[in-house]
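Participant: Before I ask anything, here is the structure I am working with.
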């Protein structure tokens, strides 16, 4: 019976994801200024699980996602059992499974790509399970101000570059001081209908 419920839950959640209904927790940011598809937001401190992969956009994206998904699905050193919420379905009883919060973050650094999962707000560096994989690091990101450009459609390296340039140009015109390079933030799984996807470009500013 439990297995049937898990299968039904998976099908329901997949259907919700397909049409852009999101169930994952998101950081509770404050909108400081709203310009339509561009916002200035203040984010609280967040905890991320991050990894770095050498390779092109598609290859590194698949490898990074698989590696980080392994961590939240139980490849960690904690033996605590917890009740999980969507979209993670419990599979192993011997190790902790962690709900992934949104968004999934990607950023290019030279020939490498960095990918990070945002962890739910209940986790800190003190209580988050330690990854089994040494290529995954837990990092606490301090509170920061971000310029955010929101758009829809499928994620692609070219699209990320174009939207990053658009946001950078807009910020320079508005005389904002850029602190960091652009990051891509994705809120939906790949099977979500493209026109219902929520994608963002984040740039830290003063």
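To keep it simple, each residue is scored yes or no on (1) over 21 Å from residue 29 (Cα atoms); (2) surrounded by fewer than 17 Cβ atoms within 10 Å (Cβ to Cβ); (3) more than 18 Å from the chain's Cα centre (by Cα).
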site	(1), (2), (3)
101	no, no, no
124	no, yes, no
130	yes, yes, yes
199	no, no, no
202	no, no, no
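Participant: Take the stretch 165-181 and flag every residue that is within 15 Å of residue 108 (Cα to Cα) and at pLDDT 95 or above. Full working, then the answer.
Facilitator: Within the stretch 165-181, the first condition is being within 15 Å of residue 108 (Cα to Cα), and the residues that meet it are 165, 180-181.
Within the stretch 165-181, just 165 meets the criteria.
Participant: What are the pairs, 6+ residues apart or on separate chains, where a residue within the stretch 54-79 that is closer than 13 Å to residue 116 by Cα has its Cβ under 6 Å from a residue that is assigned to a loop (DSSP other than H, G, I, E, B)?
Facilitator: Filtered contacts from the stretch 54-79: 71/136; 72/98; 72/100.
Participant: One residue is enough: does the stretch 154-164 have a residue meeting the conditions closer than 23 Å to residue 99 by Cβ and in contact with a strand residue (DSSP E or B) (Cβ under 7 Å, 6 or more places away or on another chain)? Before the answer, list the steps.
Facilitator: Keep residues of the stretch 154-164 that are closer than 23 Å to residue 99 by Cβ, which gives 155.
Subsequent filtering for residues that are in contact with a strand residue (DSSP E or B) (Cβ under 7 Å, 6 or more places away or on another chain) retains 155.
Yes, there is a match, as at least one residue in the stretch 154-164 is closer than 23 Å to residue 99 by Cβ and in contact with a strand residue (DSSP E or B) (Cβ under 7 Å, 6 or more places away or on another chain).
Participant: Also, quick follow-up: Consider residue 118 against the criteria (1) surrounded by fewer than 20 Cβ atoms within 10 Å (Cβ to Cβ); (2) modelled with pLDDT under 90; (3) within 15 Å of the chain's Cα centre (by Cα): it satisfies all of them except one. Which criterion is unmet?
Facilitator: (1)
The values are calculated or read from the model by the stated rules, or taken from the named source; none is laboratory data. Fair warning: this is a prediction, and the values are worked out from it, not measured in the lab. Glycine gets a Cβ as well: all are built from the backbone with ideal geometry, and neighbour counts include every protein chain shown.
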